[in-house]
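Chemist: Structure provided below as structure tokens; questions to follow.
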Amino acid sequence: MGLQFCKHLKLGFDTVYIHWANAKIRNSTSDDDYLYSVLLNKLSEISGISYINIAETARVCGRQKLAAKLLQLETSASNKVPLLLSMSFHSLALKESISSGNVDLIYLVLFSLYNQLPLGDFFKLVSTNKFASLLFVKYCLNLNKLSVLKNFHFQEDDYFGSFLLHVLEVYNSPLENTEFISHFNSIISLLSKDPDMSLEHRELILQAKLLSLQCKLEADLTNAQLTVRYNNYTPTYLKSLPSLSSLNSSLNAYASKHGQHLSFVGLSLFQTITKLVLLKQYSLANSVKHDFNVADSSYYHLKLRALVKIRDFVELDKLSKAKNSPIGFKPFVDELTNAQQFQEAAKYIPFCKLSQRPPLYLKINFLNEAVEAAIAAKDIGTLRSIHEQSTQYKPTKLEADLSHLSQGDQQALQKLVAASKIIDSIYFKQLWKGCLELKERLQRDSSKSEKDALLYKYFMVIKGPWDASDDDNSFIEGVPKKPLGSNVYPEDMTKEEFLSWVDTLCEDDKKRARGFYDVIERDCDGKLQLKGYNEAYKEYLEPAAQLLQEASELVSDASLSAFLLGRSKSFIDNDYVTSEISWLKIAESSPIEVAIGPYEVYKDNLFSSKSFYESFIHVRDFDETKNLAKFTDSLQFIESHLPVPDKYKNTELKKPTIVVVNEIYSGGDTSVPMTAAYNLPNDEEAIKIAGAKLTLIKNVQYGKFESVLTPISNLVLVEEQQKHVDFGAFFTHVLLHEVAHSNGPHHIVDDSNTTVRSRMEELHSTLEEAKADITGLFAASLLVKNNTITGITLEQFYVTYLASAFRSIRFGLNEAHGRGQAIQLNYLVDNGGFEYEDGSGKVKVNFENIETAVSNLTRDILIIQGNGSKEDAANFVEKYGNNREKTIKLLDLLADVPIDIQPIWREVSESAQPGSKCIIF
Ligand SMILES: [Zn+2]
């Protein structure tokens, strides 16, 4: 009835229920339990009702128990806690306030109880709950109610708490040390009464002892008046309180006002020992260790850290040898590494556990040691880091746009990539007689474990077991030193034996013996003999020839097709000149660019005459090719302006064809550092007939500039010249380098039938690369001045070139480009073109001198080549082809910069549709 009624009046249902409940309580004579069940039965018909009002009615009617029970039903703590308090349900009120997590509410209860209850009862109640105790202590401290607090602790038999309060009181009135110590000792006895506090007690006795020691130390070492610093004696939870931080500052202010030294007093025991070591008071530190029974391991840690800080490596060495280090040797390495003392750190790594060594070496950039240690410890993680982030060869995605390729061209790419993989095998066979077998073993084993997989991967990145960036040392156990003549001469053959054998040959065979395409071997009597590459590598060349032939049927461009067919024939009959000429005739409109066959002679360290198989599979970048073609028009202009007498100039200059490409795959003799450009053919016979073609690989060059040259520039160049480092200058100089291979004498001046290469033998590659670099730079200044090159300044060319010198030198002095660059750097420094800045040791271009210095170096190299005196060449290379101290210092800064990039290829997709956009990495 009441409910129907209130519907009409639009009253809330709860109001009616509450009214009903209140009336029921007032009128009922039943006991609390019965009445509670009646009320609950009715009130549970409605949810969310507030019980506060009903409980209050019960309280007023003297039904305390019922009121408490009803309040249990109430969900809002802030409503019910005040009521519980007013009904004197103290402990329940405290409990509810704490479980509400509402700090204000808890304070309200604490306050109210503090005022209502006798102090003893209050303390008893508060101490039943840890959180409440802490809040109360905090409250007292904040308001500086220290006497209340002291009382609280006393009631609680909390001796430690009481002790702390004593200490706080002491803080409030700074005492002199001696006074403090006596006070301190007397309050320590407080603590000794508490059986649970024996640990703290002992700790405090130790503190008193330390304080006495520190006073004595200060008296001895600084002879200064002393005062107390309290930090030491304050537990952490008290330190966070605001009253203490203000205390802290007032004490510090007091100390500084009185000009007092706080140098020992106030330090912890460990800090005291550290301080003594820092002051080089080693025997004092040692006696403190013994007096205070400091554990060996802690003492070692402290002393180690302090010694590294003051760089006392002699004492550190003594420490490591005093007895078997209780902390091992890893902390030595860690501390030294953190302090950037890498050479010192390296001394302790061999004493660490086998498993600890690889990452430690890696951290200090001792990569070769890291590889060895990782292999010894079977440490996959480190091998992966060495391989992947190694600092040496940054994996880089190589992108290329295939959208303009026909379906046939895309299918041909697959054939060409397959042929390139065969070229890899031939190359390994040429490199060393055990190499292909080693490669196949590593490849087979690569599925066994991750470590094996990584070994194989690294082998493929550096294309063999010898690391050019590590003086050609092998990273695989059991591999001999790299043979000078690789596997294209008998390993035991000397130069003298070869030369006297050549003398016995007919003219044709003489040419073959010194030529590109024949292996020198021993017959069954041990005599030297010739064997054509087609015979020596028949089992690989035949399937590769088959693939080239198939590709020739698929490609869209007829001239490319002719080259592929011709090259396929060369693989069988060993005549490369014919197909080199058809390679030079590949139309500028062909969308695919391929170089595959025996080309470079860098790996022949005996005579620089045997060519090694390699392959490049590219797609053309037509826009860039057009941009760059204008430089070939300048070739004669450059030649005419070379700073040498006319007889050193090339009179048979042939304009090289220039193409710009993006790389899809490369195989064979194409390890890191990645080829960024090449000028082929190398065969003078083919060049005489049809010239040469320059291929610039733009995606590779861009990767190098970003990942290598830029970070190098930031480290070696003086700051004000870093702004001149520029990709355009870098890219154009690579082009000019390649153009410049055509410049200058290729035959010696007084015998036009003798090539420079045959005279210079193993020195030729180094000199020729140096020539191309410096003549390219010389050409840059000519072409900027006559406006052929626009948008790149001479400053950009010179500065970018200087930074780039450091990039090349890092390839190692065993590598032609690296040594060639060392020659140029030293020559230009000696001639004032480059300078090392005093102090920082960084390099800069001297813009006044650089032009003349470049011109002089161009002249000197061209004349040495043209004169054909190997002795002059040897003296020149000997004088300049090394790394001097200032260079080495800068190279040391580059430890974290990649030496070069390594390619990340993606398989050429079989389902690639003609005309579809397909990015290849
Ligand atoms: Zn070159």
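The values are calculated or read from the model by the stated rules, or taken from the named source; none is laboratory data. The structure presented is a predicted model; accordingly, all values stated were derived computationally and were not measured. All Cβ positions, glycine included, derive from the backbone under ideal geometry; neighbour counts span all protein chains shown. Heavy atoms of the whole protein, side chains included, go into the accessibility calculation; ligands, DNA and RNA do not. Shrake-Rupley method; radii C 1.70, N 1.55, O 1.52, S 1.80 Å.
Chemist: Counting only protein chains, not ligands or nucleic acids, how are LEU891, LEU85, LEU354 ordered by accessible area (probe 1.4 Å), most first? The partial results should precede the final answer.
Modeler: Numbers: LEU891 35, LEU85 15, LEU354 85 Å².
The ordering from most to least exposed comes out as LEU354, LEU891, LEU85.
Chemist: If you count, for each residue, the other Cβ atoms within 10 Å and average over each peptide, how do 334-347, 720-733 line up from highest to lowest?
Modeler: 720-733, 334-347
Chemist: Enumerate the amide H contacts of HIS747 below 5 Å, restricted to partners 5 or more residues apart or on another chain; note that Pro and chain-start residues carry no placed amide H.
Modeler: Close amide H contacts, sequence-distant or interchain: VAL756.
Chemist: In whole angstrom, note down how far apart the Cα centers of the stretch 54-105 and the stretch 431-498 are.
Modeler: 85 Å
Chemist: Restricting the calculation to Cα positions, tell me the Rg (one decimal) and the Dmax (whole number) of the stretch 538-904 in Å.
Modeler: 20.1, 64
Chemist: At a 1.4 Å probe radius, which order do ARG620, ARG759, ARG26 fall into by accessible area, largest first?
Modeler: Ranking ARG620, ARG759, ARG26 by accessible area, largest first, yields ARG26, ARG759, ARG620.
Chemist: Ok, one more. Rounded, prolate or oblate for the stretch 269-388? Axes are the square roots of the Cα gyration tensor eigenvalues, ordered a ≥ b ≥ c, and the cut-off for rounded is a/c under 1.5.
Modeler: The shape class here is prolate.
Chemist: Here's another thing I want to ask about it. To the nearest 20 Debye, how big is the dipole of the stretch 669-768 about its Cα centre, given +1 on the beta carbon of each Lys and Arg and -1 on that of each Asp and Glu?
Modeler: Roughly 340 debye, rounded to the nearest 20.
Chemist: Taking LYS42 as the anchor, which lysines have their alpha carbon closer than 20 Å to its alpha carbon, excluding any fewer than eight residues away along the same chain?
Modeler: LYS7, LYS24, LYS65, LYS69
Chemist: Sorting check: for 362-372, 559-569, which peptide has the highest mean count of neighbouring beta carbons within 10 Å, and how do the rest follow?
Modeler: Ranking, from highest mean packing down: 559-569, 362-372.
Chemist: Aspartates and glutamates near LYS394 by alpha-carbon distance under 14 Å, same-chain residues fewer than 8 away left out - which ones?
Modeler: LYS394 reaches GLU706, ASP896, ASP900.
Chemist: What is the dipole size for the stretch 28-111, taken about its Cα centre, with +1 at each Lys and Arg Cβ and -1 at each Asp and Glu Cβ, in debye to the nearest 20? Display every interim value, and only then the final one.
Modeler: On the way: 7 positive and 8 negative charges, 18 e Å.
Using only the charged Cβ atoms, the result is roughly 80 debye.
Chemist: So for the stretch 269-388, taking the charge dipole from beta-carbon charges (+1 Lys/Arg, -1 Asp/Glu), which of ALA285, PRO359, VAL308 sits furthest toward the positive end?
Modeler: Among ALA285, PRO359, VAL308, the one farthest towards the positive end of the dipole of the stretch 269-388 is ALA285.
Chemist: Hey, another quick one. Give the aspartates and glutamates whose C-alpha is closer than 17 Å to that of LYS95, dropping any in the same chain fewer than 8 places away, or say none.
Modeler: Qualifying aspartates and glutamates at Cα under 17 Å: GLU74, ASP104, ASP121.
Chemist: Please list HIS618, HIS747 in order of solvent-accessible area, largest first, computed with a 1.4 Å probe with all protein chains present.
Modeler: The most accessible residue leads, giving HIS747, HIS618.
Chemist: Among ILE789, GLN824, ASN814, which residue has its Cα positioned farthest towards the positive end of the charge dipole of the stretch 759-825, with +1 placed on the Cβ of Lys and Arg, -1 on the Cβ of Asp and Glu, and the dipole taken about the Cα centre?
Modeler: Comparing the listed Cα positions along the dipole, ILE789 ranks first.
Chemist: To continue, here is another question. Give the separation of the Cα centroids, the stretch 25-52 to the stretch 548-592, in Å.
Modeler: Centre-to-centre distance over Cα atoms comes out at 102 Å.
Chemist: Taking H as built 1.01 Å from N, whose amide H comes closer than 5 Å to the amide H of ASN846, not counting residues under 5 places away?
Modeler: Close amide H contacts, sequence-distant or interchain: PHE834, GLU835.
Chemist: Kindly flag which residue pairs out of LYS309/LYS889; LYS527/LYS569; LYS378/LYS448; LYS463/LYS693; LYS585/LYS654 have an alpha-carbon separation exceeding 20 Å in this structure.
Modeler: LYS309/LYS889; LYS527/LYS569; LYS463/LYS693
Chemist: With a 1.4 Å probe and every protein chain left in place, tell me how much accessible area VAL519 has, in Å² to the nearest 10.
Modeler: Counting only protein heavy atoms, the figure is 10 Å².
Chemist: Suppose every K and R has +1 on its Cβ and every D and E has -1 on its Cβ; what is the size of the dipole of the stretch 575-659 about the Cα centre, in Debye to the nearest 20?
Modeler: The dipole of the stretch 575-659 has a size of about 200 debye.
Chemist: Dipole of the stretch 26-138 (Lys/Arg Cβ +1, Asp/Glu Cβ -1, origin at the Cα centre): which of VAL38, PHE122, VAL60 lies farthest to the positive side?
Modeler: PHE122
Chemist: Pairs to check: LYS457/LYS704; LYS603/LYS785; LYS330/LYS439. Give those whose C-alpha atoms are more than 30 Å from each other in this structure.
Modeler: Over 30 Å Cα-Cα: LYS603/LYS785; LYS330/LYS439.
Chemist: Over 27 Å between C-alpha atoms is what I'm after, so list which of LYS363/LYS886; LYS429/LYS698; LYS363/LYS771; LYS610/LYS688; LYS531/LYS879 land there.
Modeler: LYS429/LYS698; LYS363/LYS771; LYS531/LYS879
Chemist: Please list 834-841, 893-900, 689-696 highest first by mean number of surrounding beta-carbon atoms within 10 Å per residue.
Modeler: On the way: 834-841: 13.5, 893-900: 18.5, 689-696: 20.8.
Result, highest mean first: 689-696, 893-900, 834-841.
Chemist: Not counting ligands, DNA or RNA, and with a 1.4 Å probe, what is TYR533's accessible surface area in Å² rounded to the nearest 10?
Modeler: Only protein atoms counted, so the area is about 0 Å².
Chemist: Which whole-Hz ³J(HN,Hα) couplings does the stretch 530-539 yield from phi under the Karplus relation 6.51 cos²θ - 1.76 cosθ + 1.60, θ = phi - 60°, glycine and proline marked x?
Modeler: 3J(HN,Hα) across the stretch 530-539, in whole Hz: 8, 9, x, 4, 4, 7, 4, 10, 3, 4.
Chemist: Determine ³J(HN,Hα), in whole Hz, for all residues of the stretch 289-294 in sequence, where each value follows from phi through the Karplus function 6.51 cos²θ - 1.76 cosθ + 1.60 and θ = phi - 60°; x replaces Gly and Pro.
Modeler: Coupling constants for the stretch 289-294: 3, 6, 4, 9, 6, 6 Hz.
Chemist: Quick check on the stretch 617-740: take the gyration tensor over C-alpha atoms, sort the square-rooted eigenvalues as a ≥ b ≥ c, and tell me if it's rounded (a/c under 1.5), prolate or oblate.
Modeler: oblate
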